[in-house]
1. Quickly run through region 121-143 and pick out the residues that are among the hydroxyl-bearing types (S, T, Y) and either touching a residue at least 40 places away in the same chain (Cβ under 8 Å) or crowded, with 18+ Cβ neighbours inside 10 Å (or both).
2. Give R171, R196, R147 a once-over and let me know the one that is surrounded by 13 or more Cβ atoms within 10 Å (Cβ to Cβ) and in a loop (DSSP other than H, G, I, E, B).
3. Would you confirm whether or not region 105-120 contains a residue that is within 30 Å of M154 (Cα to Cα) and either buried (at least 22 other Cβ atoms within 10 Å of the Cβ) or not aromatic (F, W, Y) (or both)?
4. Go through (1) without any contact (Cβ under 8 Å) to a residue 24 or more places away in the chain; (2) under 27 Å from E93 (Cα atoms) for R163 and report which single condition fails.
5. Restricting attention to region 110-133, which residues are closer than 15 Å to E93 by Cβ, of a type outside the set (G, A, S) and either touching a Ser or Thr at 6+ places or on another chain (Cβ under 7 Å) or not in a helix (DSSP H, G or I) (or both)?
6. Can you find a residue that is in a helix (DSSP H, G or I) and aliphatic (A, V, I, L, M) anywhere in region 35-50?
7. With charged (D, E, K, R), farther than 16 Å from S26 by Cβ and at pLDDT below 90 as the only criterion, which of E213, E161 stands out?
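The values are calculated or read from the model by the stated rules, or taken from the named source; none is laboratory data. Keep in mind that this is a model prediction, so the values were computed, not measured. Please note: Cβ atoms are built from the backbone with ideal geometry, for glycine as well, and neighbour counts cover all protein chains shown.
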Amino acid sequence: MGRFDDYEQALAATATEQLPALAVASSATEALELALEGAHVEPVQEAASPSYFVRSAILLLSSIALRSARAIMLVVAAGYEPEAHGLKRRLSEVHARAQAVAADESGQHARDWLEGNGPSTPRKVAGKFGSLELFDIYSASEHADARSVHWWLMVPTDATEDRGIVVAPHRRPTFSNPLLTEVAMECRDMAHVLARTRGGRIEGLAELDRRIEEAIGRYFFASSTADGAPE
């Protein structure tokens, strides 16, 4: 077994203790899973109502959200938080798209998205229904962008002005806990939207809301200027 395997396993083993927001994100994904339970895509009707397209789009978006969120949690737990940013960007896009779909009672936005016609760009949707600043920060790590290395992998070396690149798995809770809190927020919102479109409700969301608010108070602003991250 190589050193990276050892690092990853050691970090994963301590993730629950060092990243309390991981448990909150886990509870939020469980709520989304409950909202998805038993859901299925109905056959396209010849004269489908707007609500049909809205329900179908929210269902597909929720499926993407759940898998993206769980993948983020695994990647972060293993010490690759910057590499989770691409998945986080996708989750934020899904979250924003779901709000756009739910806000359009005509069902046209949902229908266009389902048919792959791109009713609006991901960045435009994120800017209207989310944080464009965070969306762009996460986008840097999704691509071959030098800023992602400077922001997330460069650290000072001794007393010199040189900076080294950390390539081994490592953990910075001041960044990971806020990231996981955002995951919890977006999955919670997706669970709410999906439950509404399916005409049901999910037990325990009030307690989840309380835990998320508590996590926001503890972690959400902790990563804004620390460790050379983008301000």
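1. Y138, S139, S141
2. Values: R196 fails: in a loop (DSSP other than H, G, I, E, B); R147 fails: in a loop (DSSP other than H, G, I, E, B).
Sole residue among the options that is surrounded by 13 or more Cβ atoms within 10 Å (Cβ to Cβ) and in a loop (DSSP other than H, G, I, E, B): R171.
3. Initial filter on region 105-120 (within 30 Å of M154 (Cα to Cα)): none.
No, region 105-120 contains no residue that is within 30 Å of M154 (Cα to Cα) and either buried (at least 22 other Cβ atoms within 10 Å of the Cβ) or not aromatic (F, W, Y) (or both).
4. Condition (2) is where R163 drops out.
5. Residues satisfying the conditions are P119, T121.
6. To start, the set of residues in region 35-50 that are in a helix (DSSP H, G or I) comprises 35-36, 50.
Okay, now just the ones that are also aliphatic (A, V, I, L, M), so 35-36.
Yes: region 35-50 contains one or more residues that are in a helix (DSSP H, G or I) and aliphatic (A, V, I, L, M).
7. Values: E213 fails: at pLDDT below 90.
Step by step, each of E213, E161 is checked, and only E161 is charged (D, E, K, R), farther than 16 Å from S26 by Cβ and at pLDDT below 90.
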